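Down below is the structure, laid out as structure tokens.
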Amino acid sequence: MSQNIYQFIDVARVDPAKKPLNIRKIEFVEIYEPFTQQQAGAQADRCLGCGNPYCEWKCPVHNYIPQWLKLANEGRIIEAVELSHQTNTLPEVCGRVCPQDRLCEGACTLNDDFGAVTIGNVEKYITDKAFKMGWKPDMSAVEWTDKKVAIIGAGPAGLSCADILVRNGVKPVVFDRYPEIGGLLTFGIPSFKLEKEVMINRREIFTEMGVEFQLNTEVGKDIQMEQLLSDYDAVFLGVGTYKNMRAGLENEDAEGVYDALPFLVSNTYRVMGLDGNKDFTDMKGKKVVVLGGGDTAMDCVRTSVRQSATEVICAYRRDAANMPGSKREYKNAREEGVKFMFNLQPLSININEQGQVTGINMVRTELGSPDEAGRRHPELVEGSEHVIEADAVIMAFGFQPHSMPWLEQYNVELDQRGRIKAPSEGAFQFQTSNAKIFAGGDAVRGSDLVVTAIDEGRKAAEGILDYLEV
Ligand code: FAD
Ligand code: SF4
């Protein structure tokens, strides 16, 4: 099929259809229907093929976007998927969960006047379709070395590191404390954004490629760092950030106050039918207030809706325009019945005689002038204190690096915020202050995005290959 250069005028940007609201409100399934070949082709054909594609530069892994859009339009799916894997380890995941409005699609030349090309959904379409066609990475040309690398963490950083290593003949053995791979892709991000089968399929693909997984294995508890350092040629740390941030509110440890991640993880265990789900937190019949305005807060409100909470409120201290979460997911949450209350800051948690949460003392805020980074800080409005009633409160204020006593004696330097120091530049990319240990993803940059973790995992693998002289 030849390119129609006026397609962007003739054909509007179309996002995939969403499932009906009555299903979305109760089921833990992806809300978007897949593109058909015809839809994916028509949308891909809207690409102008810009000589200097801004989308490609804005994409953290610098995907060859115009090229694979063209291949998708021509129905050359296997060539498209091969090309997309040259820069991205998990394109089907990025297509689903990247905040495209801030990344590739935000930079698309058509964005302002005609609507950006639906890059993310075509990326997802290509990979899903290729898997359905039986595509698997071709490993026949790999020349195996005798080197092996231990990877701690099967999140996107660890998996991407393993991907590049195994394609270069180095054996990766990935350790994770969870029973399935994916890290936050599996246990943090709910199935209505990313169905669990996606990572189960990837585990099978990676295993066939030669990646070994040792799941249900926590480093520092089930296996020691010392053993990994003596048994392997290098170690990669892709351990994420798991310390839940709190606001320091009075009564924030009361019954009925929950941290976001344990709430989401317990729900995923239930959805996946996994054992060991002793702490399932059920919001059925409750009035739930989620504090925060990022991706995690959006996932908590939408999970509460699906658990049949009677009312779900998201309270955020800035306004809608200044919310850090994806605009797409904010819109989806509103459609699903979540009520948003902006410019509100919590002061303390109210409890009853039994110590159970009854509400939150709130104060209204106004946004002050922008600081040096352009961010407007909320200022409290005197005399505006009031109470919002709640049966359950979920704290979704983000994450900080967790402490890792098992790493302390190995000379791995941390910065002031507890992030692992692993510079992207230097003799070996993403090497820590211990020459044999590399790191990447959230543990290095602080909690961020799937695609940036992928980027760092891949680059760290290049650093490891140089270090091992492979
Ligand atoms: P992780 O994904 O956290 O993986 C780290 C892995 O290390 C985990 O599996 C953990 O079990 C394992 N581990 C840690 N310590 C040990 C140990 N001692 N032994 C064995 N295993 C260990 N990003 C987006 O781009 N889009 C989104 O829509 C989005 N939504 C999000 C929603 C939520 C609720 C959260 C919390 C985050 C979201 N993010 C999103 C951010 C994104 O998920 C992370 O930035 C990304 O997963 C970081 O990847 P990582 O590999 O560095 O760490
Ligand atoms: Fe866009 Fe993310 Fe895909 Fe890059 S990886 S093209 S930013 S959806």
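Looking at region 430-451, which of the residues that are of a type in the set (S, T, N, Q) and buried (at least 20 other Cβ atoms within 10 Å of the Cβ) is farthest from residue 92 (Cα to Cα)?
Of everything passing the filter in region 430-451, 432 is farthest from residue 92 (Cα to Cα).
Does region 124-141 hold any residues that are surrounded by fewer than 19 Cβ atoms within 10 Å (Cβ to Cβ) and either assigned to a loop (DSSP other than H, G, I, E, B) or hydroxyl-bearing (Ser, Thr, Tyr) (or both), and which are they?
Passing the criteria: 133, 134, 135, 136, 137, 138, 139, 140, 141.
Does residue 212 satisfy being over 30 Å from residue 351 (Cβ atoms), of a type outside the set (A, V, I, L, M, F, W, C), more than 16 Å from ligand 2 (Cβ to nearest atom) and touching a Leu at 6+ places or on another chain (Cβ under 9 Å)?
Taking the combined requirement at face value, the residue does not satisfy it.
Of all residues in region 85-123, how many are free of Cβ contacts under 8 Å to residues at least 60 places away in the same chain, among the small types (Gly, Ala, Ser) and either in a loop (DSSP other than H, G, I, E, B) or within 15 Å of ligand 1 (Cβ to nearest atom) (or both)?
So the answer is 3.
If a residue must be among the acidic types (Asp, Glu), surrounded by fewer than 22 Cβ atoms within 10 Å (Cβ to Cβ) and more than 14 Å from ligand 2 (Cβ to nearest atom), how many such residues does region 43-78 contain?
Final tally of qualifying residues: 1.
Of everything in region 396-429 that's of a type in the set (A, V, I, L, M) and out of contact with any Phe, Trp or Tyr (no Cβ under 7 Å at 6 or more places or on another chain), which residue is surrounded by the fewest Cβ atoms within 10 Å (Cβ to Cβ)?
427
What's the number of the only condition in (1) modelled with pLDDT of 95 or more; (2) touching a helix residue (DSSP H, G or I) at 6+ places or on another chain (Cβ under 6 Å) that residue 359 fails to meet?
Residue 359 satisfies every listed condition except (2).
Within region 380-393, identify whether any single residue is crowded, with 19+ Cβ neighbours inside 10 Å and either at pLDDT below 95 or not hydrophobic (A, V, I, L, M, F, W, C) (or both), and answer yes or no.
No - not one qualifying residue is present in region 380-393.
Which ranges mark the strands (runs of 3 or more DSSP E) fully within region 353-406 that have 2 or more residues being without any contact (Cβ under 8 Å) to a residue 60 or more places away in the chain?
The qualifying strands (runs of 3 or more DSSP E) are 357-370, 376-380, 386-389.
The values are calculated or read from the model by the stated rules, or taken from the named source; none is laboratory data. Everything quoted here is computed from the prediction, not taken from an experiment. Every residue, glycine among them, receives a Cβ derived from its backbone with ideal geometry; neighbour counts consider all protein chains shown.
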